[in-house]
Amino acid sequence: MTDYSTSAIFSNKKTAFRRAIMHWYTHQARDLSWRGTRDPYAIWVAEIILQQTRVDQGTPYIERFLKQFPTVHTLAEADEDAVLKLWEGLGYYTRARNLHKAAQHVVEHRQGQLPTNAKELETLPGVGRYTAGAIASIAFEETAPVVDGNVKRVLSRLCNCPDNIDTPATTNAIWEWMTTLVRGKSPGNFNQSVMELGAKICTPRNPICTSCPVQRYCLAYAHDTQSTLPVRTPKKKVPHHQIVVAAIKKNGRYLLGKRPSEGMLGGLWEFPGGKVESGESHEAALHREIAEELGIRIEILDALCTVEHAYSHFKITLHVYTCRQSNGTPTPKAHTELKWVYPKHFEQYTFPKA
Ligand code: SF4
């Protein structure tokens with residue numbers, strides 16, 4: 001590991017650095033509806049939603065979620081299906097299920113009070129070090145650091161860090177740097193100021209150094225290396241799967257299956273189907289998948305539509321076929337539940353985005 005102790009942000013300029021970035025944050029930060037609250041529950045909800053979601057996409061979800069479940073008690077009492085329905089389209093549904101579980105835990109075991117420090121917050125389902133630090137520093141003024149992608153990028157540039165920020169060793173070093181920096185009053189504002197700088201000024205491509213409030217403390221700017229930093233592991237090519245699904249119609253209703261609650265897209269409803277294996281035709285794959293998942297045979301009628309969708313680690317092309325059941329009785333072999341549903345009632349079910 002490189003020695004960064006000479007970096008301006010670890011010298012006696014630390015206080016001036018903090019003052020500069022927080023002054024900028026106070027005057028220039030985006031006016032986001034969920035910011036400004038000290039309610040730990042609202043901060044928790046916002047942080048979980050924004051973990052893998054862009055701010056512009058996540059903000060309406062945060063507003064709707066807090067409107068429907070304004071307190072930890074209302075969330076704890078809710079049906080999991082209602083929680084998933086509000087999350088529909090956001091992806092990473094484990095976040096919603098964990099949030100719901102954690103709310104129930106807080107109500108059952110902590111009289112509805114969230115823990116007030118990062119260490120204890122981390123014991124809740126779905127709350128990692130970042131989320132715990134964010135809630136503790138913003139709601140409870142604990143001098144707990146946060147490190148997310150924005151923080152990593154900003155600090156690696158400020159320190160002109162030549163090390164790969166995707167490695168555990170550099171990530172740990174960045175947590176230590178943030179621990180050193182988050183001091184004094186308003187630790188929550190300090191944490192948010194670094195993240196905001198990463199989101200608005202010190203962006204992945206073309207950072208706007210001419211408008212940067214901490215340019216004078218930045219070693220990457222001094223060495224003109226900002227466009228080459230941070231050093232990252234090159235992304236692997238993501239696999240692309242062909243998926244076939246059957247819209248099986250009977251008497252105006254379609255057969256839907258509910259996915260098991262653990263695992264990817266857990267607890268969501270879908271048309272049955274699955275992955276086309278190498279060398280297999282779409283039709284053969286659909287017959288095989290339906291026999292495996294439902295124990296029935298089908299007649300394929302028509303190709304209905306094709307949908308492209310990207311998940312974080314792979315892409316899919318979804319081929320949808322209208323089908324008719326030809327024999328057997330559908331049995332849930334891959335789902336926890338099967339239902340025949342009129343299209344006008346689809347609204348009541350939570351589906352994956354694709
Ligand atoms: Fe980022 Fe440029 Fe500011 Fe350095 S000067 S922190 S590279 S925006």
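The values are calculated or read from the model by the stated rules, or taken from the named source; none is laboratory data. It should be emphasised that the depicted structure is a prediction, and the values quoted were computed from it without experimental measurement. With ideal geometry, Cβ positions are generated from the backbone for all residues, glycine too; neighbour counts draw on all protein chains shown. The area values use the complete protein model at the heavy-atom level, side chains included, leaving out ligands, DNA and RNA. Shrake-Rupley method; radii C 1.70, N 1.55, O 1.52, S 1.80 Å.
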Selected residue (only one of Ala199, Ala134, Ala144, Ala173 is outside any helix (DSSP H, G or I), more than 9 Å from the ligand (Cβ to nearest atom) and either open to solvent by less than 30 Å² (accessible area, probe 1.4 Å) or in contact with a helix residue (DSSP H, G or I) (Cβ under 6 Å, 6 or more places away or on another chain) (or both)): Ala144
Any hit, region 2-11, residues being over 15 Å from the mean Cα position of the chain (by Cα), of a type outside the set (Ser, Thr, Tyr), over 18 Å from Gly133 (Cβ atoms) and open to solvent by 40 Å² or more (accessible area, probe 1.4 Å): yes
In region 15-42, the residues that are part of a helix (DSSP H, G or I) and either touching a strand residue (DSSP E or B) at 6+ places or on another chain (Cβ under 6 Å) or open to solvent by 50 Å² or more (accessible area, probe 1.4 Å) (or both): Thr15, Arg19, His23, Thr26, His27, Gln28
Failed item, numbered, when Ser193 is tested on (1) of a type in the set (Ser, Thr, Tyr); (2) away from the ligand (no atom under 16 Å from the Cβ); (3) crowded, with 19+ Cβ neighbours inside 10 Å: (2)
Val214, sole failed condition from (1) closer than 30 Å to Arg35 by Cβ; (2) open to solvent by 70 Å² or more (accessible area, probe 1.4 Å); (3) out of contact with any strand residue (DSSP E or B) (no Cβ under 9 Å at 6 or more places or on another chain): (2)
Residue under evaluation Gln52, criteria (1) out of contact with any Lys or Arg (no Cβ under 8 Å at 6 or more places or on another chain); (2) of a type in the set (S, T, N, Q); (3) not in a helix (DSSP H, G or I), criterion not met: (1)
Within region 270-299, considering residues that are open to solvent by less than 50 Å² (accessible area, probe 1.4 Å) and acidic (Asp, Glu), the one farthest from Leu338 (Cα to Cα): Glu280
Subset tally (residues that are open to solvent by less than 50 Å² (accessible area, probe 1.4 Å) and out of contact with any Gly (no Cβ under 7 Å at 6 or more places or on another chain)) for region 232-245: 1
Verdict on Leu256 being in contact (Cβ under 8 Å) with a residue 24 or more places away in the chain and within 16 Å of the ligand (Cβ to nearest atom): no
